[in-house]
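Structure, as structure tokens:
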Amino acid sequence: MYITPTDVKHFLFCPAIIVAKRLGVAEPPAEYIKDKRPLPPDAATGFIKIEREVPLRRRPLQGVVDYLAVDKWGLLVPIETKAGAGLPTASEVYQLAAYMWMAEERGVVKYGLLVKDRVYKIAYTPALEEALMAIVRQIVNIYSGGDPPYVTKRCNSCGYQKHCIYKTSTLKK
């Protein structure tokens, strides 16, 4: 079984989404996908090589990163683009961290780039990796039949709300 960086992002929004996906609920259509931000020229400077939509896999994760670059020192740099503006959210940082962790199978990764209305350089640290792996373990547990550790009750902005079996749950928040 593989999980995706999108699962990581969904888990951080509300772990009940992983339960809905485990039960076979299809992911709601996302409007933001058609508006994916292209890699701006200033974000592409200083790289020896840039590949677009690169599949990555490292058990238990698999996914397709928007871009995988090689910087002038030979480091691999996963680049994830987002249509929104503003500071990176925790879910966006951990989604990028998942791509950084998987890219380590191909070479050395010290940072990644999150491209929104500007470019954010996110350091890939042991603490970030450790926190990512804790999230991944919880997601694996849910896909294996466990209950989510909490439910955020962000139902009004959730595309899975009509499928959520926890909307009235007493699970700790």
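The values are calculated or read from the model by the stated rules, or taken from the named source; none is laboratory data. This structure is a prediction, so every number in the text was calculated from the model and none was measured. FYI the Cβ positions are ideal-geometry reconstructions off the backbone, even for glycines, and counts take in every protein chain you see. For the accessible areas, the whole protein counts, side chains as well, though only heavy atoms, and no ligand, DNA or RNA atoms are used. Shrake-Rupley method; radii C 1.70, N 1.55, O 1.52, S 1.80 Å.
Is it true that residue 150 is among the hydroxyl-bearing types (Ser, Thr, Tyr), without any contact (Cβ under 8 Å) to a residue 60 or more places away in the chain and either in a helix (DSSP H, G or I) or out of contact with any Gly (no Cβ under 6 Å at 6 or more places or on another chain) (or both)?
no
Pick from the stretch 98-121 the residues that are more than 15 Å from residue 51 (Cβ to Cβ), touching a residue at least 40 places away in the same chain (Cβ under 8 Å) and within 12 Å of the chain's Cα centre (by Cα): which of them is least open to solvent (accessible area, probe 1.4 Å)?
Of everything passing the filter in the stretch 98-121, 98 is least open to solvent (accessible area, probe 1.4 Å).
Output the qualifying pairs, or none if there are none: Cβ atoms under 7 angstrom, residues six or more apart or on different chains, first residue in the stretch 17-42 and at pLDDT 80 or above, second residue open to solvent by 90 Å² or more (accessible area, probe 1.4 Å).
Sorted first by the residue in the stretch 17-42, then by its partner, the pairs are 19/165.
Looking at residue 149 and the list (1) within 20 Å of residue 19 (Cβ to Cβ); (2) at pLDDT 95 or above; (3) loosely packed, with under 15 Cβ neighbours inside 10 Å, which single condition is not satisfied?
Answer for residue 149: the failing condition is (2).
Quickly run through the stretch 154-173 and pick out the residues that are closer than 16 Å to residue 91 by Cβ, in contact (Cβ under 8 Å) with a residue 60 or more places away in the chain and surrounded by fewer than 17 Cβ atoms within 10 Å (Cβ to Cβ).
Once the filter is applied, which keeps residues that are closer than 16 Å to residue 91 by Cβ, in contact (Cβ under 8 Å) with a residue 60 or more places away in the chain and surrounded by fewer than 17 Cβ atoms within 10 Å (Cβ to Cβ), the stretch 154-173 yields 154, 159.
Which residues, taken from the stretch 122-140, are closer than 26 Å to residue 29 by Cα and free of Cβ contacts under 8 Å to residues at least 40 places away in the same chain?
The answer is none; no residue qualifies.
On the basis of being touching a helix residue (DSSP H, G or I) at 6+ places or on another chain (Cβ under 8 Å) and open to solvent by less than 50 Å² (accessible area, probe 1.4 Å), does residue 68 make the cut?
Yes: the conditions hold for residue 68.
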